[in-house]
Amino acid sequence: MADRISPAEKARRARSVDDAIHSARLEGADVSPETQKDMQEYAEGRITSGDILDRIRRRTAERVQERRGTVA
């Protein structure tokens with residue numbers, strides 16, 4: 001869990017999250033609802049950027065396994 005962050009840092013993070021989502025969409029990518037939720041938690045200071053990456057990696061690995069039919 002992330003440490004408490006200031007209102008200014010929350011605002012900076014919220015702008016960064018909005019910019020990242022906008023940039024992804026401009027390039028034709030879609031940001032999943034799960035990732036958007038993670039990014040919102042980051043903006044609010046509840047998780048770290050490392051937590052976001054860990055969650056994305058886990059979901060990606062799970063989806064790859066599902067497509068290969070290797071999920072137990």
(message) So the check is Cβ under 6 Å with 6+ separation or different chains; which pairs have a first residue in the stretch 17-36 that's on the phi > 0 side of the Ramachandran plot and at pLDDT below 95 and a second one that's among the aromatic types (F, W, Y) and assigned to a loop (DSSP other than H, G, I, E, B)?
(response) none
(message) I'm told I47 meets every condition in (1) over 8 Å from the mean Cα position of the chain (by Cα); (2) assigned to a helix (DSSP H, G or I) except one. Can you identify the failing condition by its number?
(response) (2)
(request) Under 9 Å between Cβ atoms, at least 6 apart or on separate chains: pull out the pairs that start in the stretch 58-71 with a residue that is modelled with pLDDT of 90 or more and end on any residue that is among the β-branched types (V, I, T) and not in a loop (DSSP other than H, G, I, E, B). (result) R59/T35
(message) I'd like the residue in the stretch 2-28 that is not acidic (D, E) and not in a helix (DSSP H, G or I) and, out of all such residues, is nearest to L53 (Cα to Cα).
(response) A2
(message) Take the conditions of a type in the set (D, E), part of a helix (DSSP H, G or I), over 14 Å from the mean Cα position of the chain (by Cα) and surrounded by 10 or more Cβ atoms within 10 Å (Cβ to Cβ) and apply them to E41. Does it pass?
(response) no
(request) Given the conditions (1) of a type outside the set (V, I, T); (2) farther than 18 Å from R4 by Cα; (3) surrounded by 11 or more Cβ atoms within 10 Å (Cβ to Cβ), report the number of the one that A29 does not fulfil. (result) (3)
(request) Any residue in the stretch 38-56 that's basic (K, R): show its pairings with residues that are surrounded by 14 or more Cβ atoms within 10 Å (Cβ to Cβ) and in a helix (DSSP H, G or I) at Cβ separation under 6 Å, as long as the two are six or more apart or on different chains. (result) R55/D38
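The values are calculated or read from the model by the stated rules, or taken from the named source; none is laboratory data. In this text, all values refer to a predicted model and were calculated from it rather than measured experimentally. Cβ coordinates were reconstructed from backbone atoms using ideal geometry, including for glycine residues, and neighbour counts include every protein chain displayed.
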